[in-house]
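Report on the following structure.
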Amino acid sequence: MIVVHSAAHRAQEGRAELNDGQLVPCYEKPARAEIVLARVGAAGPGPVVEPDAHGEAPLARVHDPAYLAFLKAAWHEWVAEHGDRDALPLNWVAPGMHRRVVPDSIDGKLGYYSFDAGTPITAGTWRAATAGADCALTAAARVAAGERAAFALVRPPGHHAGHAFYGGYCFLNNAAIAAQALRDGGAARVAVLDVDYHHGNGTQEIFWHRDDVLFLSLHADPRQEFPYFSGHADEVGEGPGTGFTVNLPLPWGTDWTAYAAALATATARIAAFAPDVLVVSLGADTFVGDPISRFRLQSDDFRRMGAALAAAGLPTVFVLEGGYAVDDLGVNVVNVLTGFEGD
Ligand SMILES: [Zn+2]
């Protein structure tokens with residue numbers, strides 16, 4: 001399986017995020033990708049290739065151009081105002097307030113375009129995020145050209161980023177960008193399956209009204225878990241997209257037995273949709289040892305997950321999302337890939 005990776009991910013290295021009432025070192029950090037890359041080298045998938053440059057046009061197929069312009073300029077505007085420290089938003093829109101006018105000040109813009117305080121914009125955010133999107137686009141292009149599967153080994157992750165917002169450590173929605181590029185390249189139907197512990201609210205929002213992209217997500221119940229305000233089972237899409245969003249929330253403590261049953265529900269729905277290609281938002285924060293999550297998957301379960309995904313029989317693009325138990329992340333992520341390949 002081809003692995004697409006760029007060292008430019010290192011450009012995104014936030015100093016702190018707001019978590020549990022404290023500014024703490026960022027969980028989403030360069031070591032995550034490094035350990036997955038090391039495990040790729042040790043365990044078999046490959047070759048590892050550099051991404052091709054795809055420019056901004058495929059990003060604008062998914063994201064609002066005004067949002068992309070904001071993201072590109074945000075660090076410079078922030079530094080001019082506040083100096084060299086991470087850019088974090090401080091407040092957001094509440095009912096009775098409105099979003100008709102984009103604020104001029106960078107502090108206002110950060111609140112306008114974000115939904116949490118866990119996602120610092122740094123000097124290298126744009127560079128790292130666009131390199132990640134290029135990796136996802138390159139992996140999609142390889143699969144469109146006939147590869148059975150490819151893996152975009154990227155960070156920062158993408159699935160919380162929507163048409164015009166960032167959050168949850170995500171800025172550009174790599175999986176959505178790949179899915180849209182596959183559609184634009186001739187695939188009639190694309191399924192996006194999100195197995196990250198957290199609901200892929202950004203991907204859901206991007207494809208909410210669409211019947212050509214089926215979005216499915218297995219995740220912790222939003223009654224208990226971030227991002228709290230999306231991912232309930234009754235969220236099914238709207239208009240032509242009704243029935244083409246599938247949410248399978250699971251409670252804290254979910255182990256492989258319950259997870260596998262939900263995964264079987266998802267893969268049955270994918271089979272009924274009969275897509276040309278599958279995009280997997282591959283987060284491994286469902287692992288029992290994850291420091292910010294509460295599912296109970298074991299390392300061997302990720303191999304079973306890969307085998308279940310392979311059984312769908314589809315050309316598949318894997319895109320790395322979350323997973324914060326850094327020491328185990330390489331094994332868990334690569335177990336999905338080797339499980340997919342039949343070990
Ligand atoms: Zn996650």
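When only the Cβ of Lys, Arg, Asp and Glu is charged (+1, +1, -1, -1), the dipole of the chain relative to its Cα centre reaches about 320 debye. Could you tell me whether the chain comes out rounded, prolate or oblate from its Cα gyration tensor? Rule is a ≥ b ≥ c as square roots of the eigenvalues, rounded for a/c under 1.5, then prolate if a/b exceeds b/c, otherwise oblate. Verdict is rounded for the chain.
Between amide H atoms placed 1.01 Å from N, distances below 5 Å from E17 occur with V24, C26, all of them 5 or more places distant or on a separate chain. Evaluating kT/(6 pi eta Rh) at 25 °C and 0.890 mPa s, with the Kirkwood radius of region 51-184 over Cα pairs in the Stokes-Einstein relation, gives 159 µm² s⁻¹. For the pair region 89-138 and region 188-248, the centres of their Cα atoms are 21 angstrom apart. For the chain, what % of the accessible area comes from carbon and sulfur atoms, probe 1.4 Å? Carbon-and-sulfur percentage of accessible area, whole number: 53.
Applied to region 41-48, the Karplus parametrisation 6.51 cos²θ - 1.76 cosθ + 1.60 on θ = phi - 60° returns per-residue 3J(HN,Hα) values of x, 7, 10, x, x, x, x, 8 Hz, with x for Gly and Pro.
Under 5 Å from the amide H of D221 lie the amide H atoms of L250, W252, each residue being 5 or more positions distant or on a separate chain, with H modelled from the backbone and absent for Pro and chain starts. The accessible area of V277, taken with all protein chains in place and a 1.4 Å probe, comes to roughly 10 Å². For region 174-325, what class follows from the C-alpha gyration tensor (a ≥ b ≥ c being the square roots of its eigenvalues): rounded when a/c is under 1.5, otherwise prolate if a/b is larger than b/c, else oblate? It comes out prolate by the Cα gyration axes. Positive end of the charge dipole of region 220-272 (Lys, Arg +1 and Asp, Glu -1 on Cβ, about the Cα centre): tell me which of Q224, V236, W256 has its Cα farthest that way. The listed residue farthest towards the positive side: W256. Accessible surface comparison of E56, E13, E28, probe 1.4 Å, protein chains only, largest first: the order is E13, E56, E28. Taking 7 Å steps out from each Cα toward its Cβ at A311 and A268 produces label points 1.2 nm apart. All C-alpha to C-alpha distances of region 1-124, sorted into 10 Å bins beginning at zero, yield P(r) values of 11, 31, 33, 19, 5, 0 percent in whole numbers. The listed residues M1, M97 rank as M97, M1 when sorted by accessible area, largest first, using a 1.4 Å probe.
Heavy-atom accessible area with a 1.4 Å probe sorts T203, T242, largest first, into T242, T203. Phi-derived couplings, Karplus 6.51 cos²θ - 1.76 cosθ + 1.60 at θ = phi - 60°, listed residue by residue for region 67-75: 5, 4, 5, 4, 4, 5, 9, 4, 4 Hz, with x used for Gly and Pro. Close amide H pairs (under 5 Å, H built 1.01 Å from N) link V246 with F215, L216, S217, residues at least 5 positions away or on another chain.
Looking at the chain alone, DSSP beta bridges between its own residues are antiparallel in about 15 percent of cases. 3J(HN,Hα) along region 121-132, derived from phi through the Karplus expression 6.51 cos²θ - 1.76 cosθ + 1.60 where θ = phi - 60°, amounts to 8, 10, 4, x, 4, 4, 5, 5, 5, 6, 5, x Hz, with x in place of Gly and Pro.
The values are calculated or read from the model by the stated rules, or taken from the named source; none is laboratory data. Note that this is a predicted model, so its numbers are computed, not measured. As a convention, Cβ positions derive from the backbone with ideal geometry for all residues, glycine included, and neighbour counts pool all protein chains shown. Heads up: the accessible areas ignore ligands, DNA and RNA and are worked out on the full protein's heavy atoms, side chains in. Shrake-Rupley method; radii C 1.70, N 1.55, O 1.52, S 1.80 Å.
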